[in-house]
Amino acid sequence: MAKKLQWKRSDKFAFGLWTVMNRGRDPFGPETRPPLSGIEAIRGLGERDVYGFEYHDNDLWPMDATPAKKRSIINEAKRAMKAAGILCTAATTNLFSHPVFKDGAFTSHDPRVRAYAVQKVMANIDVAAELGAEVYIYWGGREGAEVDIGKDPIEAMKRFRDAINFLCEYVMANGYKMVFSLEPKPNEPRSNIYLATAGHALAFIATLDHPEMVGVNPEYAHVKMAGLSPLHEYAQALEAGKLVDIHLNAQEPLRFDQDMSFAADNPKEALLVVKLLTDYGYAGTKAFDCHPYRTEAAPWDFVERNMRAYKLLEAKVEEVNADTRLCAMLEELTVADEGGWNQVLAAYTPKNADKLKVAKFNPEKLAQRTLLYEQIDLRLTELLLGAR
């Protein structure tokens, strides 16, 4: 069993460089860990058989780096990747830390700020392509408002759309093999952030010039901050064919962005997310976007803890899917389609409509059917807790 639970590079686990570079600072206290450079983070992750890493541009080079210094760091990163056998799986741009973005990047009132933001992203897309990243993430952390009368949300969405359309064209013009991924979040650091959930992002994608180039990267904690279910957010994006990247962590509902390790808060919920990804053959990277507790002296136990937690839940999914008692109860939920109603409801035709109009149903009799949800939930709980 221990060997089975050991992660492999083929598991496609990844970490944002910012996760292991996090020094434990919070609004109430300074850093508790020494600094770790982006290059050191790449090496450390590779040494622990992590498949890939994600990065912000300024995780690797400072915002004011000269062209020569930036090129030197990029070359060093490529050498570190090769030596450690680790891939760059996704990239993103820091459009939130510098005061220039205090009122948004793509949605700023100032066209010069919007132009600078797109310029910054273009420069990092070039580097991401050079490092081999095939996913480019957009998290609009400052794209939002506190004073709603001060920013027209319709105009903001137009500006956001223009930026994404421009950058899609830039990727195509350069022949990069890259798709974009929108990462929703309801709030923090802004009071309200545009594209707050997967549903918002999917609706926005449908309005783009190249919707085929853009997917969704639901973050587990961000979903919980909105008071929603990660399982259903992931499922919605997966069913739509738009789940191109995922961020895993843990979060207590409706609180500040806690970024705890995966499954730290609700193991049953995490189990069902892993089951969804397993059952439907999600083949993308499984990236962890969380932070070591402020009490940790170094980030490496945190890295191994997240991968092992996923493997434990993955093994539990096998057990759940193979449990004859649970499978039998789930099978009982399915009703034989003796009237051929599945085919009728699959598509409108005049014939199907006429059949429905004259059909005789007995709602009182249909309501008498008992569903085994209490027993099903108990059995899942027993399996999760190791009871037989």
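No value in this document is a laboratory result; all are computed from the given coordinates. Everything numeric in this text was worked out from a predicted model, so none of it was measured. As a convention, Cβ positions derive from the backbone with ideal geometry for all residues, glycine included, and neighbour counts pool all protein chains shown.
How many angstrom lie between the C-alpha centres of the range 316-359 and the range 212-278?
If we compute the Cα centre of each part, the gap is 27 Å.
Given Cβ point charges of +1 (Lys, Arg) and -1 (Asp, Glu) and nothing else, what value in debye, to the nearest 20, does the dipole of the chain about its Cα centre take?
560 debye
Once every DSSP H run of n ≥ 4 in the chain is given -39500 (n - 2.57) and the sum is divided by its residues, what mean residue ellipticity at 222 nm do you get, rounded to the nearest 500 deg cm²/dmol?
Taking each H run of at least 4 residues, the total per residue is -14000 deg cm²/dmol.
Would you order Asp265, Asp279, Asp64 from fewest to most other beta-carbon atoms within 10 Å of each residue's own beta-carbon?
Asp64, Asp279, Asp265
For the pair Lys268 and Ala83, what calculated FRET efficiency results from E = 1/(1 + (r/R0)^6), where r is the Cβ-Cβ distance and R0 = 41 Å, to the nearest 0.05?
In this case the efficiency is close to 0.55.
Using Cα-Cα distances under 8 Å and only pairs 6 or more residues apart, what relative contact order does the range 7-95 have, in percent?
Computed value for the range 7-95: 35 percent relative contact order.
Using the beta-carbon distance between Asp26 and His109 and R0 = 41 Å, what value does 1/(1 + (r/R0)^6) give for FRET efficiency, to the nearest 0.05?
0.85
Restricting things to alpha carbons, tell me how big the chain is in terms of Rg and Dmax, in Å.
Both quantities, over Cα of the chain: 23.4, 78 Å.
Is there a quick way to get the dipole size of the range 76-169? I mean about its Cα centre, with the Cβ of Lys and Arg at +1 and of Asp and Glu at -1; what is the value in debye to the nearest 20?
Magnitude of the dipole: close to 260 debye.
Compute log10 of I(q)/I(0) for the range 231-388 with the Debye formula, placing one identical point scatterer on every Cα and leaving out solvent, at q = 0.14, 0.17 Å⁻¹, to two decimals.
These q points yield log10 I(q)/I(0) values of -0.91, -1.12.
Once you order the gyration tensor axes a ≥ b ≥ c over the Cα atoms, which shape class does the range 5-84 get: rounded for a/c under 1.5, otherwise prolate or oblate by comparing a/b with b/c?
Oblate shape, in that a/c is at least 1.5 and b/c is the bigger or equal ratio.
Just for the chain, what percent of DSSP beta bridges are antiparallel, to the closest 5?
10 percent
Just to be sure I understand the rule: take each whole DSSP H helix in the chain, project its Cα atoms onto its long axis, keep it if the span is 18 Å or more and its mean Kyte-Doolittle hydropathy is at least -1.0. Which ones pass?
Passing helices, by number: 67-84, 111-131, 153-173, 300-322.
Which links in Lys242/Lys275; Lys8/Lys120; Lys242/Lys268 stretch past 23 Å when you go from one Cα to the other?
Pairs exceeding 23 Å: Lys8/Lys120; Lys242/Lys268.
Could you run the Karplus curve 6.51 cos²θ - 1.76 cosθ + 1.60 with θ = phi - 60° over the range 96-107 and give me ³J(HN,Hα) per residue in whole Hz, x for Gly and Pro?
9, 6, 5, x, 4, 9, 4, 10, x, 10, 5, 10
Picking from Val358, Leu333, Gln375, whose Cα lies most toward the positive end of the charge dipole for the range 324-384 (charges on Cβ: Lys, Arg +1; Asp, Glu -1)?
In the range 324-384, that residue is Val358.
State the extension gain, in nm to one decimal, for the chain segment bounded by Met63 and Ala283, taking 0.36 nm per residue of separation less the distance between their alpha-carbons.
75.8 nm
Roughly speaking, what % of Cα-Cα pairs in the range 111-262 are separated by over 24 Å, rounded to a whole number?
Of all Cα-Cα distances in the range 111-262, 33 percent exceed 24 Å.
How large is the Kirkwood hydrodynamic radius of the range 1-152, in angstrom, based on all distinct alpha carbon pairs?
This gives a value of 17.1 Å.
Among residues other than Glu54 whose Cβ falls under 10 Å from its Cβ, what is the net charge (Lys/Arg +1, Asp/Glu -1)?
Here the count lands on -3.
Sort the following peptides by mean Cβ neighbour count (other Cβ atoms within 10 Å, averaged over residues), highest first: 219-228, 268-277, 300-309, 150-159.
Highest mean packing first, the order is 219-228, 268-277, 300-309, 150-159.
Please give, to one decimal in nm, the separation of the simple spin-label points placed at Arg388 and Gln375, each 7 Å out from Cα toward the Cβ.
Taking the two extended label points, one gets 2.1 nm.
Around Trp139, which amide H atoms from residues at least 5 apart in sequence, or from another chain, sit under 5 Å from its own amide H, with H modelled in the peptide plane?
Thr93, Glu183
Quick one: compute the contact order of the range 206-316, relative version, from alpha carbon pairs under 8 angstrom and 6+ residues apart, as a percent.
Reported as a whole number, the value is 25 percent.
Using the crude model of +1 on Lys and Arg Cβ and -1 on Asp and Glu Cβ, and no other charge, please compute the dipole size for the range 324-384 relative to its Cα centre, in debye to 20.
For this selection, approximately 360 debye.
Hey, rough spin-label estimate for Glu47 and Asp209, points 7 angstrom out along Cα→Cβ, what's it come to in nanometres?
Here the answer is 4.7 nm between the modelled labels.
For a bin width of 10 Å, list the pair-distance distribution of the range 324-384 built from all Cα-Cα distances, rounded to whole %.
17, 34, 26, 18, 5
For the range 280-294, take each phi angle, set θ = phi - 60°, evaluate the Karplus expression 6.51 cos²θ - 1.76 cosθ + 1.60, and give the result in whole Hz per residue in order, putting x for glycine and proline.
9, x, 4, 10, x, 5, 9, 9, 9, 10, 8, 10, x, 4, 4
Given a Förster distance of 45 angstrom, what is the FRET efficiency for Glu252 paired with Lys158, based on the Cβ-Cβ distance and rounded to 0.05?
Given R0 = 45 Å and the Cβ-Cβ separation, E is 0.80.
Positive end of the dipole of the chain, charges at C-beta (+1 Lys, Arg; -1 Asp, Glu), about the Cα centre: which of Phe106, Gly140, Asn124 has its Cα farthest in that direction?
Asn124
Give the long-range amide H neighbours of Phe288: residues separated by 5 or more places, or on another chain, with amide H under 5 Å away, using H modelled in the peptide plane at 1.01 Å from N.
Those lying under 5 Å, H to H, from Phe288 are Ala14, Phe15, Gly16, Leu248.
Report relative contact order for the chain in percent, whole number only (criteria: Cα-Cα under 8 Å, sequence separation at least 6).
15 percent
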